[in-house]
Amino acid sequence: MIRTRFSGHKGKGVHARNPPSAASTERRPWTTLGAMADESRPHDLILFGATGFTGGLTAEYLARHAPPGCRWALAGRDPGRLADVRDRLAAVRREWGDLPLLAADATDPASLHRLAGQTRVVATTVGPYLRYGEPLVAACAAAGTDYADLAGEPEFVDRVYLRHHERARATGARLVHACGFDCTPFDLGVRFTVEQLPEDVPLRVDGFLRAAGRISGGTLASALGAVSRPLPAARAARARRGAEPPVPGRRVRAPLGAPVRSGALRTWGLPIPTLESRVVARSAAALPRYGPDFRYRHYAAVRRLPVAAGTVLGAGAFAAAAQVPPLRRLMASRLAPGTGPSEERRARSWFSARFVGTAPDRRVLTEVSGGDPAYDETAKILAEAALCLAHDPLPETSGQVTTAQAMGGALTERLVAAGMGFRVRSTSALPGSP
Ligand SMILES: NC(=O)c1ccc[n+]([C@@H]2O[C@H](COP(=O)([O-])OP(=O)(O)OC[C@H]3O[C@@H](n4cnc5c(N)ncnc54)[C@H](OP(=O)(O)O)[C@@H]3O)[C@@H](O)[C@H]2O)c1
């Protein structure tokens, strides 16, 4: 059973943010975007990057699950390749043979401004985001257009906060990063765990990730790009800490911590310095339901110590090699852009995110689980997040926001309906509690 009520979330009417205009929705085989008035929004949702590996899977997911009447479109830089994607989608549902195709290039800000002005929501898989992402964010922030991406690069997210958060707050745009396996199962999983615990008391949540799967060329390029820039990333994080307002009257922490042994899960936890813990902390800062004193720690779960040692050494070697440009290029060349694991390989992939949530009087064990984390589930999450932003009543938010903050219960409901597991595994009273 899943409980989804959450204090502080108030419903908002569909279309309240960017009301659809009466602009033409005429379907054309290929549309080079012309300049349009900001309020002219012929589309509910545009998928940018549909020709890529993850973008293609996201397009196929939308082709199967977009509700009737959803006015969506594909965007990218190559009309021929976009038309090929549309042909695939027409085989899923014939009506998608008329899907509009929109020309935009991540390196051409004018084309991105025209794109953002045409729609209420943009979902983008054009990465690495550190290389390609910012002009589209800028366009969406300026146009008051909701934006969802798959960025797992902390430096990119911090830069967006520093440069575009205030503008997006002014226009009402919601900028939601990491709407994929990074970081949504953890952000929503922690929110779900908090919901099972009492209100107005200190809460501790530890998240433990186990997963099996392969990565794509785009993911490898993004990971190499992110770990090769430790100093700029640290500078952006520091600048952000200086710019962010404190959380009034509450304490929120997400320390990296040391390796731990979890008795409850009978596993070792290796701290992982990825974006998840920062996103969870931002959700906790935004949502008073996380209590007066909240702490999250994020771990990779490893059953045996030798495996743990191997994992640490492997991650260290990857990060060290990424600092050396020829080695970085060599590693990047192992997986070409546009390629990724086969359908058969993805069918054997899985993930489990387990959470140990502790309040003064009780402990709860929860789990979020699903199939191929990096691509099938990521495509599902991005597509459902975009549909959620476009069609669901949501809390009133704007600026850079997390999935839990912007879409919490509604997106959780969508993912559960789409087959992702959100479960309470056990609840127990703690010794000494009444
Ligand atoms: N968070 C997660 O869990 C998660 C999971 C999967 C992927 N990702 C991220 O998603 C991103 C995409 O990964 P992927 O494997 O799908 O990569 P990919 O297959 O290489 O796709 C990249 C896409 O970007 C497009 N693109 C590149 N340069 C462009 C430009 N200048 N203008 C417009 N479009 C451009 C490509 O278009 P063309 O076809 O025209 O080249 C392609 O559609 C990466 O950043 C990856 O890290 C994150």
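We did not get these values from a lab; they are worked out from the coordinates using the rules stated. Since this is a predicted model, take the numbers as computed values, not measurements. Note that each Cβ is placed from the backbone with ideal geometry, even for glycine, and that neighbours are counted across all protein chains shown.
Using unit Cβ charges (K, R positive; D, E negative) and no other charged atoms, how large, in debye to the nearest 20, is the dipole of the chain about its Cα centre?
Working: 58 positive and 39 negative charges, 247 e Å.
About 1180 debye.
Can you give me the distance in nm between label points at residue 342 and residue 426, each placed 7 Å from the Cα along the Cα-to-Cβ direction?
Going from the residue 342 label point to the residue 426 one covers 4.0 nm.
Return the sequence-ordered ³J(HN,Hα) values of the range 62-67 in whole Hz as given by the Karplus equation 6.51 cos²θ - 1.76 cosθ + 1.60 applied to θ = phi - 60°, using x for Gly and Pro.
Per-residue couplings from phi come out as 5, 4, 7, 10, 5, x Hz.
Please pull out the direction-averaged projected area of the chain, using the convex hull of its alpha-carbon atoms, in nm² to one decimal place.
On the way: hull surface 82.0 nm².
If you wrap the Cα atoms of the chain in a convex hull and average its projections, you get 20.5 nm².
Quick one: what are the phi-derived ³J(HN,Hα) couplings along the range 266-281, Karplus 6.51/-1.76/1.60 with θ = phi - 60°, whole Hz, x for glycine and proline?
6, 8, 8, x, 9, x, 10, x, 8, 5, 3, 5, 5, 5, 4, 4
Counting each pair of different Cα atoms once, what's the Kirkwood radius of the range 112-258 in Å, rounded to one decimal?
Working: mean 1/r = 0.0584 Å⁻¹.
This gives a value of 17.1 Å.
Taking a ≥ b ≥ c as the square roots of the eigenvalues of the Cα gyration tensor of the range 297-349, is the shape rounded (a/c under 1.5), prolate (a/b larger than b/c) or oblate?
Numbers: a/c = 2.65, a/b = 1.11, b/c = 2.38.
It comes out oblate by the Cα gyration axes.
Measure out, as a whole number of angstrom, how far apart the alpha-carbon centroids of the range 339-417 and the range 218-267 sit.
Between the Cα centre of the range 339-417 and that of the range 218-267, the gap is 19 Å.
In nm, what is the difference between 0.36 nm times the number of residues separating residue 417 and residue 201 and their Cα-Cα distance? Before the final figure, lay out each step's value.
Working: separation 216, 0.36 × 216 = 77.76 nm, distance 3.11 nm.
Contour length minus the Cα-Cα distance gives 74.7 nm.
Calculate how many DSSP beta bridges within the chain are antiparallel, expressed in % of all such bridges and rounded to the nearest 5. Mind showing how you got there, number by number?
Values: 33 of 66 bridges.
Percent antiparallel among DSSP bridges in the chain is about 50.
Quote the charge dipole size of the range 292-434 about the Cα centre in Debye, to the nearest 20; the model charges only the Cβ of Lys and Arg (+1) and of Asp and Glu (-1).
On the way: 17 positive and 12 negative charges, 157 e Å.
Roughly 760 debye for the range 292-434.
With contacts defined as alpha carbon pairs under 8 Å and 6 or more residues apart, what's the relative contact order of the chain in percent? Intermediate values should be presented prior to the final figure.
Numbers: 929 pairs, mean separation 94.5, N = 434.
Rounded, it is 22 percent for the chain.
Hey, if you drop one equal point scatterer on each alpha-carbon of the range 78-128 and run the Debye formula without solvent, what base-10 log of I(q)/I(0) do you get at q = 0.23, 0.26, 0.27, 0.29 Å⁻¹?
Result of the Debye calculation: -1.00, -1.11, -1.13, -1.16.
Near the amide H of residue 151, under 5 Å away, which other amide H atoms are found, from residues 5 or more places off or on another chain, if H is placed in the peptide plane?
178, 179
Rounding to the nearest 10 and keeping the result within 0 to 90°, find how far the Cα-based axis of helix 305-322 lies from the longest principal axis of the chain.
Around 40 degrees separate the two axes.
Rank 76, 150, 172 by how far each Cα sits towards the positive end of the charge dipole of the chain (+1 on Lys, Arg Cβ; -1 on Asp, Glu Cβ) and give me just the farthest.
150
Give me 253, 169 ranked fewest to most by other Cβ atoms within 10 Å of their Cβ, as a rough exposure proxy.
Working: 253 13, 169 17.
Ordered by Cβ neighbours within 10 Å, fewest first: 253, 169.
How would you rank 191, 238, 71, going from fewest to most other Cβ atoms within 10 Å of each one's own Cβ?
238, 71, 191
Starting from the eigenvalues of the Cα gyration tensor, five times each then square-rooted, give me the equivalent ellipsoid semi-axes of the range 339-431, largest first, whole Å. Walk me through the numbers on the way to the answer.
Working: eigenvalues 138, 97, 21 Å².
Each semi-axis is the square root of five times an eigenvalue, giving 26, 22, 10 Å.
So how far apart, in nm, are the two label points at residue 312 and residue 329 if each is 7 Å from Cα heading toward Cβ?
It works out to 3.4 nm between the two label points.
Two-decimal Rg/Rh of the range 277-434 from alpha-carbon positions, Kirkwood Rh? Present the calculation step by step, with values, prior to reporting the outcome.
Details: Rg = 19.4 Å, Rh = 19.2 Å.
Value, to two decimals: 1.01.
Using +1 at the C-beta of Lys and Arg and -1 at the C-beta of Asp and Glu, which of 424, 402, 322 has the Cα lying farthest in the positive direction of the dipole of the range 313-433?
Final value for the positive-end residue is 322.
Quick one: order 183, 70 by neighbouring beta-carbon count within 10 Å, fewest to most.
Working: 183 30, 70 15.
Ascending number of Cβ neighbours within 10 Å: 70, 183.
Per-residue HN-Hα couplings for the range 393-398, Karplus 6.51 cos²θ - 1.76 cosθ + 1.60 at θ = phi - 60°, whole Hz, x for Gly and Pro?
3J(HN,Hα) across the range 393-398, in whole Hz: x, 9, x, 7, 9, 6.
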